[in-house]
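Engineer: The structure under discussion is supplied below as structure tokens; questions concerning it will follow.
The values are calculated or read from the model by the stated rules, or taken from the named source; none is laboratory data. Nothing here was measured: the structure is a model prediction, and the numbers come from that model. When we count neighbours, we look across all protein chains shown, and the Cβ atoms used for this are built from the backbone with ideal geometry, even at glycine. Heads up: the accessible areas ignore ligands, DNA and RNA and are worked out on the full protein's heavy atoms, side chains in. Shrake-Rupley method; radii C 1.70, N 1.55, O 1.52, S 1.80 Å.
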Amino acid sequence: MRLLLYITVITIILTVSCGRNDGYGHVDEETRTQLKAVDDSINAMSPQSLTMIAGGLKSAEDSIVWYEFYLRYARYYYLSQTPDSMLPYIRRTLDFTDKHKPTPAINGIRAFALELKADYYHLFRKKRDEVIGLHTKAYELMMRSDNKDCLPEICANLADAYAQGSDMARAAAWYRRALFLVDSLNMPDTKNITLYLGLANIYMQLKDYDSSLKYYRETDRYYNLMTPNMQAYYLNNFGNYHYFNEDYDEALKVFLKLERLLTKYGNNGMAMATCRVNIADVYLNIGNTAEAERYVAPAERFFREQNVTVGVYYANSVRIGLAMKAGRPEDVKRIVDSETFAAPGDYALVNIRNKYIRQYYESVGDWKSAMKNLENEMRANDSVEHARRHMRASEIMQRLKEDTLSLHHTIQMNEKKMELKVTWTAVTAIAVLLLAVILMWGTYIYKRKLRIEMDIIQLRLACVRNRISPHFMFNVLNSHMNTMPEEEREKLMKLVKLLRANLDMSRSMFISLADEITFVRYYVDIEKPILGDTFTFTVDAPEDDVLSTIEVPSMFVQILVENAIKHALKGKKGDKRLSVKVDVEQEETTITVTDNGNGFDMSRVGSARTKTGLDIIRHTIWIINEKRKKNLMRFNISNLTDDDGNTIGCKATVTIPADIRI
């Protein structure tokens, strides 16, 4: 059940882009933005990822930047169905760093390569001690690099490696160190997501389900902000939580949600195989053997093809359970005898096997083996209880150590403050007096200058109003239209309506959805002649009396419609379709803009044309959500594909709470 926990944790943790800047190699802000876009593309397994990496390599101006992009190949293949392909990129990067004197930049790029190498070993459950050694060396190097932001992720990797070996006390200690680093380096709270998940998993393994649930609830608050890999990691662990609590109905809901997520992003490798064997096990426990058989078959096939013995072991455990359900105990012996590998060190997987194999022993009357099996499980549970007590003791000692250090730090700070207090009292008094004089004089000069500038601004505004009055312009246009042919008059009237609506909308941050839709219709009418007769535009929305009661940020729908026309439909051959759909519910309203263009290209996000409109939407949502804290606005843009995986359009969705005003 917890196989995916170890497979995906490093995938999620290494989603940050570790830019560097020192005497050897330089990463400017533009390159950092490029690397972040590449990382986002890799996390989504976009087909554009390799093209973006190649473009970064071509434009790199020094070796450090070149290897930053080069290592992204390793990360891409790590998430693909051929993770072995990542190894040559790691080896070449390590050879490069061996030939250069250690500097903060060299240390950082070497640490990144060592982390990826550890990921590979961890993925196939190989060389656990070497995995710990690689993570430890990466941590030491990153401490001497110019990019400390990656340290919490490396600590979490070490914690996961120790957890794999059932050393829960050390695992928890490294997670706590990661939390401390996030706090001390003033990183955003979202950095804690993987750390909360790691601690939740540790407590789950120790069967402390109350503590585990507490951390899962902390994590759930950030679900919509997670990357797809992070969401998969969370769903897998939360499904395990319900499974070990024997709440199989809830476990099935979570694992099926995980399957839909992996399908959406085209992940049909290790993560999907593990998800399917988990689902098969849940179906087995609720008595649906047909579905259990349907899910375990492709998972088992993948594990055998990739020689993932721990996966084969788990799939065989499910097969044993199915054989006992079907009353075929003879199949159990055949399954067990076919295994040429040792049982994994993961006691949870062994316990799952024991649960099914004991049924076999009892059915054939082998009570001695059944008792021995039960005794082994009891010893494992005693070991878990011992680990739980040891971890509690470690937590108490860790907190005592932190409190003691904090107390010493406070005492030292107070002593220094007392020493400086007398000296600074006199200095402060003089400084305050001098500052007061300066402020008074500065205030006088500033007010005098401000009064002059305001007079000038008022004069300029009055001049502008006299020269360019909107009502004056509209009156002139209306008079002029009376002398024009009817067809041209209608075209100009549409433009006048658009200008009037834009002028009215620009005065308010929020407008009614009815006014927004009306403005969009004006805009589309203006663009129709350019798009041609093959263009169709539809609006699926409630009546205006309903839309008039819903407030939305001004210009949101118009920006999405304009982007669709400019970047997807203009210049497109054949039918051009654009639709706006409004779904109104009690708590929120969802607006979906869909086109049948060539899809949303992530590599174009940094371009000036696309960036301005999307930045307005994202920045506005950020401001609104920052004020609201709950019932947040959401925005998503994704490509539409046909059954063959070809892009057939784009869909942008904005979800707006009912009480949107801030």
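Engineer: Kindly check whether there is at least one residue in the range 161-170 that is in contact with a Lys or Arg (Cβ under 8 Å, 6 or more places away or on another chain), free of Cβ contacts under 8 Å to residues at least 60 places away in the same chain and within 21 Å of ASP346 (Cβ to Cβ).
Structural biologist: Yes, because at least one residue in the range 161-170 is in contact with a Lys or Arg (Cβ under 8 Å, 6 or more places away or on another chain), free of Cβ contacts under 8 Å to residues at least 60 places away in the same chain and within 21 Å of ASP346 (Cβ to Cβ).
Engineer: If you go through the range 72-102, how many residues are part of a helix (DSSP H, G or I) and either more than 25 Å from ALA37 (Cβ to Cβ) or among the hydroxyl-bearing types (Ser, Thr, Tyr) (or both)? Outline the logic, then answer.
Structural biologist: Quick first cut of the range 72-102, residues part of a helix (DSSP H, G or I) only: 72-79, 83-98.
Subsequent filtering for residues that are either more than 25 Å from ALA37 (Cβ to Cβ) or among the hydroxyl-bearing types (Ser, Thr, Tyr) (or both) retains 73, 76-78, 84-85, 87, 89, 91, 93-95, 97-98.
Of the residues in the range 72-102, 14 are part of a helix (DSSP H, G or I) and either more than 25 Å from ALA37 (Cβ to Cβ) or among the hydroxyl-bearing types (Ser, Thr, Tyr) (or both).
Engineer: Something else now. Within the range 624-647, does at least one residue satisfy the condition of being modelled with pLDDT of 85 or more, in a strand (DSSP E or B) and touching a Cys at 6+ places or on another chain (Cβ under 6 Å)?
Structural biologist: Yes, the range 624-647 has at least one match.
Engineer: State which residue is most open to solvent (accessible area, probe 1.4 Å) when the search covers only the range 275-327 and only residues that are among the charged types (D, E, K, R) and closer than 17 Å to ALA343 by Cα. Steps first, please.
Structural biologist: To start, the set of residues in the range 275-327 that are among the charged types (D, E, K, R) comprises 276, 281, 291, 293-294, 300-301, 304-305, 319, 325.
Now drop any that are not closer than 17 Å to ALA343 by Cα, which leaves 300, 304, 319.
On the way: GLU300: 28, ARG304: 124, ARG319: 54 Å².
Only one residue tops the list, namely ARG304.
Engineer: Take THR592 and tell me if it is open to solvent by less than 40 Å² (accessible area, probe 1.4 Å), of a type outside the set (Phe, Trp, Tyr), at pLDDT below 90 and under 30 Å from the mean Cα position of the chain (by Cα). Working first, answer last.
Structural biologist: Working: open to solvent by less than 40 Å² (accessible area, probe 1.4 Å): yes; of a type outside the set (Phe, Trp, Tyr): yes; at pLDDT below 90: no; under 30 Å from the mean Cα position of the chain (by Cα): yes.
Against the criterion (open to solvent by less than 40 Å² (accessible area, probe 1.4 Å), of a type outside the set (Phe, Trp, Tyr), at pLDDT below 90 and under 30 Å from the mean Cα position of the chain (by Cα)), THR592 does not qualify.
Engineer: List pairs: first residue in the range 146-157 and small (Gly, Ala, Ser), second residue modelled with pLDDT under 75 anywhere in the structure, Cβ distance under 6 angstrom, at least six positions apart or on different chains.
Structural biologist: As it stands, the answer is ALA156/ILE13, since those pairs meet every condition given.
Engineer: Turning to a different aspect of this structure: If you take the residues of the range 119-147 that are hydrophobic (A, V, I, L, M, F, W, C) and in contact with an Asp or Glu (Cβ under 8 Å, 6 or more places away or on another chain), which of them is most open to solvent (accessible area, probe 1.4 Å)?
Structural biologist: So, considering only residues that are hydrophobic (A, V, I, L, M, F, W, C) and in contact with an Asp or Glu (Cβ under 8 Å, 6 or more places away or on another chain), the one most open to solvent (accessible area, probe 1.4 Å) is LEU134.
Engineer: Just to be sure I understand, how many residues within the range 328-340 are under 28 Å from GLN81 (Cβ atoms), surrounded by fewer than 16 Cβ atoms within 10 Å (Cβ to Cβ) and not small (Gly, Ala, Ser)? Steps first, please.
Structural biologist: Of the range 328-340, the ones under 28 Å from GLN81 (Cβ atoms) are 335, 338-340.
Keeping just the survivors that are surrounded by fewer than 16 Cβ atoms within 10 Å (Cβ to Cβ) gives 338-340.
From the residues that got through so far, the ones that are not small (Gly, Ala, Ser) too are 339-340.
Counting residues in the range 328-340 that are under 28 Å from GLN81 (Cβ atoms), surrounded by fewer than 16 Cβ atoms within 10 Å (Cβ to Cβ) and not small (Gly, Ala, Ser) gives 2.
Engineer: From the list ASN268, ASN240, pick out the single residue that is touching a residue at least 24 places away in the same chain (Cβ under 8 Å), within 22 Å of the chain's Cα centre (by Cα) and outside any helix (DSSP H, G or I). Outline the logic, then answer.
Structural biologist: Working: ASN240 fails: outside any helix (DSSP H, G or I).
Selected residue: ASN268, the only one of ASN268, ASN240 that is touching a residue at least 24 places away in the same chain (Cβ under 8 Å), within 22 Å of the chain's Cα centre (by Cα) and outside any helix (DSSP H, G or I).
Engineer: Going through the range 229-244 one residue at a time, which ones are open to solvent by less than 30 Å² (accessible area, probe 1.4 Å) and within 15 Å of LEU261 (Cα to Cα)?
Structural biologist: ASN229, MET230, GLN231, ALA232, TYR233, TYR234, LEU235, ASN236, ASN237, GLY239
Engineer: Residues being in a loop (DSSP other than H, G, I, E, B) and over 30 Å from ALA161 (Cα atoms): count how many of those fall in the range 315-352. Reasoning before the result, please.
Structural biologist: Our first condition is that a residue be in a loop (DSSP other than H, G, I, E, B); within the range 315-352, this holds for 326-328, 338-346.
From what is left, the residues that are over 30 Å from ALA161 (Cα atoms) are 326-328.
The total comes to 3.
Engineer: From the residues in the range 648-662 that are among the β-branched types (Val, Ile, Thr) and part of a strand (DSSP E or B), which one is most open to solvent (accessible area, probe 1.4 Å)? Give the derivation first.
Structural biologist: Step one: list which residues in the range 648-662 are among the β-branched types (Val, Ile, Thr), which gives 648, 653-656, 660, 662.
Among the residues that remain, those that are also part of a strand (DSSP E or B) are: 648, 653-656.
Details: ILE648: 82, THR653: 28, VAL654: 5, THR655: 12, ILE656: 3 Å².
My answer is ILE648.
Engineer: Hey, among TYR203, TYR216, TYR196, which residue is in a helix (DSSP H, G or I), open to solvent by less than 10 Å² (accessible area, probe 1.4 Å) and of a type in the set (Phe, Trp, Tyr)? Break it down stepwise before answering.
Structural biologist: Values: TYR203 fails: open to solvent by less than 10 Å² (accessible area, probe 1.4 Å); TYR196 fails: open to solvent by less than 10 Å² (accessible area, probe 1.4 Å).
Exactly one of TYR203, TYR216, TYR196 is in a helix (DSSP H, G or I), open to solvent by less than 10 Å² (accessible area, probe 1.4 Å) and of a type in the set (Phe, Trp, Tyr), namely TYR216.
Engineer: Which of (1) aromatic (Phe, Trp, Tyr); (2) under 15 Å from the mean Cα position of the chain (by Cα); (3) open to solvent by less than 30 Å² (accessible area, probe 1.4 Å) does TYR223 not meet, given it meets every other one?
Structural biologist: (3)
For every residue, the table says whether it meets (1) of a type in the set (A, V, I, L, M); (2) closer than 30 Å to PHE303 by Cβ; (3) in contact with a His (Cβ under 9 Å, 6 or more places away or on another chain).
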{"residue": "GLY108", "(1), (2), (3)": "no, no, no"}
{"residue": "LEU114", "(1), (2), (3)": "yes, yes, yes"}
{"residue": "ASP119", "(1), (2), (3)": "no, yes, no"}
{"residue": "ASP129", "(1), (2), (3)": "no, yes, no"}
{"residue": "TYR139", "(1), (2), (3)": "no, no, no"}
{"residue": "ARG144", "(1), (2), (3)": "no, no, no"}
{"residue": "ASN147", "(1), (2), (3)": "no, no, no"}
{"residue": "PRO152", "(1), (2), (3)": "no, no, no"}
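Engineer: Specify the residue that is farthest from LEU79 (Cα to Cα); the eligible residues are those in the range 103-143 that are touching a Pro at 6+ places or on another chain (Cβ under 9 Å) and outside any helix (DSSP H, G or I).
Structural biologist: Filtering the range 103-143 for residues touching a Pro at 6+ places or on another chain (Cβ under 9 Å) gives 110, 119-120, 123-125, 141.
From what is left, the residues that are outside any helix (DSSP H, G or I) are 124-125.
On the way: PHE124: 13, ARG125: 16 Å.
Once the filter is applied, the top-ranked residue is ARG125.
Engineer: Consider LYS566 carefully, then state whether it is over 18 Å from ILE621 (Cβ atoms) and not in a loop (DSSP other than H, G, I, E, B). So that I can check it myself, show each step before the final result.
Structural biologist: Working: over 18 Å from ILE621 (Cβ atoms): yes; not in a loop (DSSP other than H, G, I, E, B): yes.
Spelling it out, LYS566 is indeed over 18 Å from ILE621 (Cβ atoms) and not in a loop (DSSP other than H, G, I, E, B).
Engineer: Could you check how many residues of the range 522-534 are surrounded by fewer than 17 Cβ atoms within 10 Å (Cβ to Cβ) and either small (Gly, Ala, Ser) or assigned to a helix (DSSP H, G or I) (or both)?
Structural biologist: So the first thing to find is which residues in the range 522-534 are surrounded by fewer than 17 Cβ atoms within 10 Å (Cβ to Cβ), and the list is 525-526, 528-530, 532-534.
When the remaining residues are screened for being either small (Gly, Ala, Ser) or assigned to a helix (DSSP H, G or I) (or both), the result is 525-526, 528-530, 532.
Selection size over the range 522-534: 6.
Engineer: In the range 106-143, which residues are within 21 Å of THR82 (Cβ to Cβ) and of a type in the set (Gly, Ala, Ser)? Lay out the reasoning, then the answer.
Structural biologist: From the range 106-143, those within 21 Å of THR82 (Cβ to Cβ) are 112-113, 115-127, 131; that's our starting set.
The answer is ALA113, ALA118.
Engineer: Among the listed residues ALA163, ALA118, ALA113, identify the single one that is modelled with pLDDT of 85 or more, under 25 Å from the mean Cα position of the chain (by Cα) and closer than 22 Å to ILE202 by Cα. Lay out the reasoning, then the answer.
Structural biologist: Details: ALA163 fails: modelled with pLDDT of 85 or more; ALA113 fails: closer than 22 Å to ILE202 by Cα.
None of the other options fit; the residue is ALA118.
Engineer: Suppose we filter THR82, THR51 for residues that are in contact (Cβ under 8 Å) with a residue 60 or more places away in the chain and under 30 Å from GLU305 (Cβ atoms); which single one remains? Give the steps one after another, and end with the answer.
Structural biologist: On the way: THR82 fails: in contact (Cβ under 8 Å) with a residue 60 or more places away in the chain.
Just a single option satisfies the conditions, and that option is THR51.
Engineer: Quick check on the range 148-168. Is at least one of its residues within 25 Å of ARG217 (Cβ to Cβ), among the aliphatic types (A, V, I, L, M), open to solvent by 20 Å² or more (accessible area, probe 1.4 Å) and in a helix (DSSP H, G or I)?
Structural biologist: no
Engineer: Being more than 19 Å from PRO83 (Cα to Cα) and modelled with pLDDT of 90 or more is true for just one of ARG276, ARG221, ARG301, ARG217. Which residue is that?
Structural biologist: Numbers: ARG221 fails: modelled with pLDDT of 90 or more; ARG301 fails: more than 19 Å from PRO83 (Cα to Cα); ARG217 fails: modelled with pLDDT of 90 or more.
After ruling out the rest, the residue left standing is ARG276.
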